[in-house]
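> Starting off with a structure, shown below.
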Amino acid sequence: MADEGFKRKLTAILSADVVGYSRLMSENEEATVSTITSYREVLRTLIQQNNGKVLDSPGDNLLAEFVSVVDAVQCAVAVQKEIKARNDELPENRRMQFRIGINLGDVIQEGERIYGDGVNIAARLEGLSDPGGICISKTAFDHIESKLPYGYEFLGDQSVKNIAKPVAAYRVLMEPRVMVSGESRGKKSAGKRRTPILIGAVILFLLALAIGIWHFFARRPTLEPASEDKMAYPLPDKPSIAVLPFVNLSGYPEQEYFADAISENITTELSRFEHLFVIARHSAFFYKGSKKKTKEISQELGVRYLLEGSVQRSDDQVRIIAQLIDAISGEHVWTEKFDRNISNIFEIQDEITMTVVATLAEKIWQVSAKALTKKPLSSFKAWDYYLRGRAHYTKWSKQENVKSRALFEKAIELDQTLLLAYIWLAWTYYIDWRLWGFESEDLDKAEAWANKAVTFGENNSDLQFLLSRIAIGRSRYDAALAHMDRALELNPNDAEIISNYGLLLIYVGRSEESIPLFKKAMRLNPHYRPGWDTFLGSGYYYTKRYNEAVEVIVRKRKLNISDHRLLAASYAQLGRLDKARVHIKEVLKINPQYSLSKVRAYSQKLFKNETDREHYIEGLRKAGLPE
């Protein structure tokens, strides 16, 4: 039999190709390679997120397959939107556009490759596509016509190279209308009903209750709705929310930290509930002071709900105004004003959080009613010192770390039961140990303060996260994993905990498991700090996926010494010693005393077994790092 030894299957094929790649290469090879490497990683990530698989990516082309045509088209739309957003930041002559073709067809599978007319048709459809556009076959169109909220323009039967029969083709318009032979068929996609009926009922009920308040507090006009099909990320299946930085209306810039703390604490409380998808504080604070419209923020973060508000503090009084926005409908669905004595600050935070959660789902209301109970602090002044300490701590310098430590110590002096002050005082010593010298005395002090914090209760995610990091420093890996598990249980949507859990898995030799965690953290925190790309690149390196490690790191706008080390090791493992040596030079330029012995000493404090430790050292040795 002609097909003996081969497997046939029906699959959705996506073919993508760069427009004008030869011109770009001839004008600037290095810039073009850098851009395509970055964009190829975008495609790979979105393909994986949409349940697809990359089969081949030679030169400027990429071939992927999907079980579902719906997944393939959703992925293609997401790709073109992301590439467009990135192109907007580049000079016009350096922008790189893709054409995408999608077909549903029968193929022959041999190992990891597929062959046949099904693949060839996808490639020909790609050639019919506009730059930045998507073209699909009729077989693909028939499977998604009423399933996705996009429009389609029928291009007629197209005669294409090496295909015997004409191929009926459609252009994806990415708008909610369908066109066939130039005439409207009047069909609109119903879209996915992502929010349960119960949530809608609760929102309507609370909206009715809020009408009186609404008129009293200066009712706002309806906002311009966000478009679900323009979301940078597909909306999660669960209710999704971002807590935007509250605006400081006190008139005193030094009170900015207080407004920030309100937003941060609401985010933390909401993140405790696994039924919600909560955007990380860092990404929400990216929009502090921004003039962007709510629909733009919603679309960039990929969330439906936004909580915004203001804080006005005067002496011992505080006024907080909060409002919940449904970005998809463009409506303010709830608003509230809180006038309180400053001593009841926890009560204010809890009340806001509980009401927002209740607006989203009745089930979460029942959980939050018990979970948000807290004892009031005996001294607000202590809390004030704690907040100021956090403001200095997050500036990430040795000098600011010293300032934050003094403020945490002052907070404890005023209130010896303030758990968070103990936790973050311990963090200041841990950071000194981790970033500035690995002095055992610093780790001892971090552990001592952490143990004092434990006496006030262990059910705090920051504390469990801290205990895990200290356990790594002590080479107690089982304890580190147990504490990290508990931290994640207490705060399942904390992107910082999730990303550091991935880092811990690398340390204990489970690098393959780390990669999905890094990607999840990046989804929860779309404006994540640059170090997370280094984490993900490390995950790829230790799983010997060196090309992917390179692709992740080179997309960063600014490389630090860790990035240069990782690139040097990855290029060396790929046999590209010329590239590896370039990055070793950068490492030694930043730190002339850097050597293999320093890497060995550093890795012995973190990695569980010698094989994993030597893997990194081996790459740097090949790259030419001196002993």
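The values are calculated or read from the model by the stated rules, or taken from the named source; none is laboratory data. All values derive from a computational prediction rather than experimental measurement. Don't worry about glycine lacking a Cβ; one is built from the backbone with ideal geometry, like all the others, and counts go over all protein chains shown.
> Among the listed residues K598, K585, which satisfies the condition of being assigned to a helix (DSSP H, G or I), out of contact with any Phe, Trp or Tyr (no Cβ under 7 Å at 6 or more places or on another chain) and within 27 Å of R474 (Cβ to Cβ)? Before you say what the answer is, go through the steps one by one.
Numbers: K585 fails: within 27 Å of R474 (Cβ to Cβ).
Exactly one residue qualifies, and that residue is K598.
> Also: Which one is modelled with the highest pLDDT among residues in the range 587-604 that are touching a helix residue (DSSP H, G or I) at 6+ places or on another chain (Cβ under 7 Å) and not β-branched (V, I, T)? Before you say what the answer is, go through the steps one by one.
If we filter the range 587-604 for residues that are touching a helix residue (DSSP H, G or I) at 6+ places or on another chain (Cβ under 7 Å), which is where we start, we get 587, 590-591, 594, 596, 599-600, 603-604.
Applying the additional criterion that residues be not β-branched (V, I, T) yields 591, 594, 596, 600, 603-604.
Values: N591: 88, Y594: 88, L596: 91, R600: 88, S603: 85, Q604: 85.
Selected residue: L596.
> I've got another one for you. Among the residues of the range 484-496 satisfying the criterion of being assigned to a helix (DSSP H, G or I) and surrounded by 23 or more Cβ atoms within 10 Å (Cβ to Cβ), which is nearest to the chain's Cα centre (by Cα)? If you could, list the steps in order and put the result at the bottom.
If we filter the range 484-496 for residues that are assigned to a helix (DSSP H, G or I), which is where we start, we get 484-490, 495-496.
After this cut, where a residue has to be surrounded by 23 or more Cβ atoms within 10 Å (Cβ to Cβ) as well, the list is 484, 487, 495.
Numbers: M484: 20, A487: 19, A495: 8 Å.
Top of the filtered list is A495.
> Return yes when D71 is over 25 Å from the mean Cα position of the chain (by Cα) and acidic (D, E) and no when it is not. Full working, then the answer.
Details: over 25 Å from the mean Cα position of the chain (by Cα): no; acidic (D, E): yes.
Against the criterion (over 25 Å from the mean Cα position of the chain (by Cα) and acidic (D, E)), D71 does not qualify.
> State which residue is surrounded by the most Cβ atoms within 10 Å (Cβ to Cβ) when the search covers only the range 74-102 and only residues that are closer than 17 Å to R23 by Cα and free of Cβ contacts under 8 Å to residues at least 40 places away in the same chain.
Initial filter on the range 74-102 (closer than 17 Å to R23 by Cα): 87, 90-99.
With free of Cβ contacts under 8 Å to residues at least 40 places away in the same chain added as a condition, the list becomes 87, 91-92, 95.
Working: N87: 17, P91: 8, E92: 6, R95: 19.
Going through the qualifying residues, I end up with R95.
> Test G537 against the stated conditions and say whether it is of a type in the set (G, A, S), outside any helix (DSSP H, G or I) and either over 30 Å from A78 (Cα atoms) or not assigned by TED's automatic domain parsing to the domain that holds R86 (or both). Let's see the steps before the verdict.
Working: of a type in the set (G, A, S): yes; outside any helix (DSSP H, G or I): no; either over 30 Å from A78 (Cα atoms) or not assigned by TED's automatic domain parsing to the domain that holds R86 (or both): yes.
No.
For every residue, the table says whether it meets (1) at pLDDT 85 or above; (2) part of a helix (DSSP H, G or I); (3) crowded, with 24+ Cβ neighbours inside 10 Å.
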residue	(1), (2), (3)
S514	yes, yes, yes
K519	yes, yes, no
H527	no, no, no
W532	yes, yes, no
Y541	yes, yes, yes
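> Turning to a different aspect of this structure: Do you know which residues across the range 518-564 are among the aromatic types (F, W, Y) and without any contact (Cβ under 8 Å) to a residue 40 or more places away in the chain?
Step one: list which residues in the range 518-564 are among the aromatic types (F, W, Y), which gives 518, 528, 532, 535, 540-542, 546.
Selection gives F518, W532, F535, Y540, Y546.
> Continuing with the same structure: Filter the range 145-164 down to the residues that are under 41 Å from the mean Cα position of the chain (by Cα) and not in a loop (DSSP other than H, G, I, E, B) and list them by number. Walk me through it before giving the result.
First, pick out the residues of the range 145-164 that are under 41 Å from the mean Cα position of the chain (by Cα): 145-156, 158, 160.
Across the range 145-164, the qualifying residues are Y152, E153, F154, L155, G156, Q158.
> Restricted to the range 280-308, and to residues that are assigned to a helix (DSSP H, G or I) and among the aliphatic types (A, V, I, L, M), which residue is modelled with the lowest pLDDT? Give the steps one after another, and end with the answer.
First, the residues of the range 280-308 that are assigned to a helix (DSSP H, G or I): 281-285, 294-301.
Right, trim to among the aliphatic types (A, V, I, L, M) and you get 284, 297, 301.
Working: A284: 90, I297: 94, L301: 93.
The extreme case among them is A284.
> Can you work out which of the residues in the range 543-569 that are of a type outside the set (S, T, N, Q) and not in a helix (DSSP H, G or I) is farthest from the chain's Cα centre (by Cα)? Quick ask: steps written out before the conclusion?
The first filter runs over the range 543-569 and keeps only residues of a type outside the set (S, T, N, Q), leaving 544-546, 548-559, 561, 563-569.
Restricting the remaining residues to those that are not in a helix (DSSP H, G or I) gives 544-545, 555-559.
Working: K544: 24, R545: 21, R555: 15, K556: 15, R557: 17, K558: 19, L559: 20 Å.
Among those residues, the one meeting the criterion is K544.
> Give me a count of the residues in the range 570-580 that are surrounded by 15 or more Cβ atoms within 10 Å (Cβ to Cβ) and more than 32 Å from the chain's Cα centre (by Cα).
Initial filter on the range 570-580 (surrounded by 15 or more Cβ atoms within 10 Å (Cβ to Cβ)): 570-574, 576-577, 579-580.
After this cut, where a residue has to be more than 32 Å from the chain's Cα centre (by Cα) as well, the list is 577.
Result for the range 570-580: 1.
> Hey, another quick one. Regarding the range 309-320, can at least one residue be identified that is modelled with pLDDT of 80 or more and charged (D, E, K, R)?
Yes: one or more hits.
> Let me ask something else about it. For the range 15-47, how many residues are under 25 Å from the mean Cα position of the chain (by Cα) and touching a residue at least 60 places away in the same chain (Cβ under 8 Å)?
Of the residues in that region, 10 qualify.
> Specify which of the listed residues (L307, L270) is farther than 24 Å from W532 by Cα, surrounded by 23 or more Cβ atoms within 10 Å (Cβ to Cβ) and touching a residue at least 40 places away in the same chain (Cβ under 8 Å).
On the way: L270 fails: farther than 24 Å from W532 by Cα.
That would be L307, the only listed residue that is farther than 24 Å from W532 by Cα, surrounded by 23 or more Cβ atoms within 10 Å (Cβ to Cβ) and touching a residue at least 40 places away in the same chain (Cβ under 8 Å).
> Where the second residue is surrounded by fewer than 14 Cβ atoms within 10 Å (Cβ to Cβ) and the first is among the charged types (D, E, K, R) and lies in the range 153-175, which pairs have Cβ atoms under 6 Å and are six or more apart or on separate chains?
D157/P166
> Kindly indicate whether any position in the range 21-31 is assigned by TED's automatic domain parsing to the domain that holds I100, more than 15 Å from I100 (Cα to Cα) and not in a helix (DSSP H, G or I).
Kept after step one, since they are assigned by TED's automatic domain parsing to the domain that holds I100, are these residues of the range 21-31: 21-31.
After this cut, where a residue has to be more than 15 Å from I100 (Cα to Cα) as well, the list is 22-31.
Still in the running and not in a helix (DSSP H, G or I): 28.
Looking for residues that are assigned by TED's automatic domain parsing to the domain that holds I100, more than 15 Å from I100 (Cα to Cα) and not in a helix (DSSP H, G or I), one finds at least one in the range 21-31, hence yes.
> Identify, please: which residue in the range 53-73 is small (G, A, S) and touching a residue at least 40 places away in the same chain (Cβ under 8 Å) and is, among those, surrounded by the fewest Cβ atoms within 10 Å (Cβ to Cβ)?
Looking at the filtered set, the residue picked out is S68.
> Among the numbered conditions (1) surrounded by 13 or more Cβ atoms within 10 Å (Cβ to Cβ); (2) over 30 Å from E489 (Cβ atoms); (3) not aromatic (F, W, Y), tell me where I412 comes up short.
(2)
Residues checked against (1) buried (at least 20 other Cβ atoms within 10 Å of the Cβ); (2) in contact with a helix residue (DSSP H, G or I) (Cβ under 6 Å, 6 or more places away or on another chain); (3) in a helix (DSSP H, G or I):
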{"site": "F408", "(1), (2), (3)": "yes, yes, yes"}
{"site": "K445", "(1), (2), (3)": "no, yes, yes"}
{"site": "D462", "(1), (2), (3)": "yes, yes, yes"}
{"site": "I470", "(1), (2), (3)": "yes, yes, yes"}
{"site": "A482", "(1), (2), (3)": "no, no, yes"}
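> OK, next. Quick one: is A261 out of contact with any Cys (no Cβ under 7 Å at 6 or more places or on another chain), closer than 21 Å to K519 by Cβ and crowded, with 17+ Cβ neighbours inside 10 Å?
In short, no.
> Moving to a separate point now. Do you know which of the residues in the range 245-278 that are among the aliphatic types (A, V, I, L, M) and touching a Gly at 6+ places or on another chain (Cβ under 8 Å) is farthest from M522 (Cα to Cα)? Steps first, please.
At the first step, the residues of the range 245-278 found to be among the aliphatic types (A, V, I, L, M) are 247, 249, 259, 261-262, 266, 270, 276, 278.
Pick out the ones that are also touching a Gly at 6+ places or on another chain (Cβ under 8 Å) and you get 247, 262.
Working: V247: 26, I262: 24 Å.
For the range 245-278, the residue satisfying everything is V247.
> If I go through the range 103-144 residue by residue, how many of them are closer than 18 Å to L155 by Cβ and part of a loop (DSSP other than H, G, I, E, B)?
Summing the residues that are closer than 18 Å to L155 by Cβ and part of a loop (DSSP other than H, G, I, E, B) in the range 103-144 gives 5.
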